[in-house]
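Following: one structure in structure tokens, then a few remarks.
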Amino acid sequence: MTLRNIASFKFNQRVLAVLLLWLPILSGESWDNWRGPHYNGTSDSSGALPEVFDRSQGVKWETKLPGVSAATPIVSRGRVFIPSISVSKDSSKKGRGELLAMCFDANTGKLMWSRNAGSGYRPGQADGFDYMLHDRSNYASPSPVVGLGLVYFFFGNGDLVAYDFVGKEQWRRNLQQDYGDFCFQWTFSASPTFFTNKLYIPILQRDEPVHGRGEKNAKSFLLCIDPKNGKTIWQHYRPSAAKKESLESFGTIIPHNGELLVAGGDVLSSHDSTTGKELWRWGTWNPGHRQQWWRLVPSPVIGNGVALVCAPKKAPIFAIKLDQQGSNSGPDGLRWETSEDSVLTSDVPTPLFYRGDFFVLSDLRKSLSRVNPETGKPIWSLTLPGKYKWRGSPTAGDGKIYFMNHNGMVLVVSSEDGKILNQAEMGGTYDDNTRSSIAIVANNLFIRTNENLYCIE
């Protein structure tokens, strides 16, 4: 063998090694948006997913994060994208710092790039470096989304920024500056949706000022944005008879058969994805709109011909028929609803649809239930351990349900019978309000606590 052949052989060996390293990524699996490839919390992973793990075992890699966020890791083409914050070291400047867009190598956890993505725009104040409105959340809470070879970071202060996979900024804009100050009791945190090669963002807000933000008679609306340049394709106003905080929604738009499902303002509505035109609506879970403090957090989830919608606090959940037209209310548009005292309720987590059934995680009643989509009857219900709230939305694959509580404990539950398979302590010193969901890609789990990002194999 000549020296040239030997060199070529060694080069090809190195190329092969790199390809083998990236083999899990080349399988086509990804978690491109907050609720995964099917918008319902389920994974396409076909192999065995991790069951027994914690911080001392099963960890492929871990990396330290600069700050907290409720956003779910987004995994695509060997990259992990997450927003975060950097906090000012000056203790007198509470809530000051930077909004970050971060990218990690999915195989090693190495930081590939980090960008100061947010302007810190805050209504009524100079453009600066504020990253939070309330201590319960921050502007880095929305999850990014991937599409057309770009990753789109949206922040609760209105900043929307597109990057390519090597971190080069493609465009940016601030939606508050373009459409007026957001008007929310809490920090706005709806995640964008990528569908039919377009970006969709819901701004469902109250119609009166709060905390010095917003304006009288402010309107709620949906935005469709061109992902190639950030320009608005359409804006559609979405009216509601809800009052005060009940007008507010933090849910994400969920696509279905070319339509866009939007929950908030006491109703569920469906919209044409090409124009934003409302096709039908069902409501209300708030008769007479008596409740004025029913902001909505969970997104709808679709399964077996219905959209599951969770009313706030400890109120019931509703299975709403998807073959509707016009405006409907009451039992005509319902497959079923739960009772007021049922364990089937969810204030914050979005339910899961997996293997033909719904899985409802109740943060206030501390239960997980498998639910028959035809009848609404629980197949099994599990009382959750510990004293902390469970507010990260559940995800599923390989017959297992994964979700995490405020303290960073990850629960692994059998979807078949509700048996607890593992209680994994993943939290650290400052993990007392962890709310991220878990992403599943290439038989790995991607877990984000307040302090760390983990890959579990």
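Taking a cut-off of 20 Å between Cα atoms, list the lysines near LYS60, but don't count ones fewer than 8 places away on the same chain. The qualifying lysines are LYS110, LYS400. Per-residue extension of 0.36 nm, minus the Cα-Cα distance of ASP432 and LYS216, leaves a gain of 74.1 nm for this segment.
The charge dipole of the chain, taken about its Cα centre with unit charges on the Cβ atoms of Lys, Arg (+1), Asp and Glu (-1) only, comes to about 700 debye.
Potential lengthening of the chain between LYS314 and LYS228 amounts to 26.8 nm, from the contour at 0.36 nm per residue minus the alpha-carbon distance. Checking the cross-link pairs LYS216/LYS243; LYS244/LYS314; LYS94/LYS244; LYS313/LYS419; LYS198/LYS277 against a 22 Å limit on the alpha carbon distance flags LYS94/LYS244; LYS313/LYS419 as lying beyond it. Secondary-structure-derived ellipticity at 222 nm for the chain, considering helices only, amounts to -2000 deg cm²/dmol, per-run term -39500 (n - 2.57) for DSSP H runs with n ≥ 4.
Shape call for segment 29-456 from the C-alpha gyration tensor, a ≥ b ≥ c root eigenvalues: rounded (a/c under 1.5), prolate (a/b greater than b/c) or oblate? Rounded. Listed by chain and number, the aspartates and glutamates whose C-alpha is less than 18 Å from the C-alpha of LYS321, apart from same-chain residues fewer than 8 away, are GLU259, ASP266, ASP272, GLU278, ASP332, GLU337, ASP357, GLU374.
Taking the longest Cα principal axis of the chain as reference, the axis of helix 3-21 is set at about 30 degrees. If a/c stays under 1.5 just call it rounded; otherwise compare a/b with b/c (prolate if a/b is bigger, oblate if not). Do that for segment 270-411, with a ≥ b ≥ c from the square roots of the Cα gyration tensor eigenvalues. Here segment 270-411 falls in the prolate category.
Extension gain, ARG290 to ARG136, is 52.8 nm, computed as 0.36 nm per intervening residue step minus the present C-alpha separation. Centroid-to-centroid, using Cα positions, segment 316-392 and segment 32-88 are 25 Å apart.
We did not get these values from a lab; they are worked out from the coordinates using the rules stated. What you see is a predicted model; the values in this text were computed from it and never measured. Ideal geometry is used to build each Cβ from the backbone, glycine not excepted, and the neighbour counts take in all protein chains shown.
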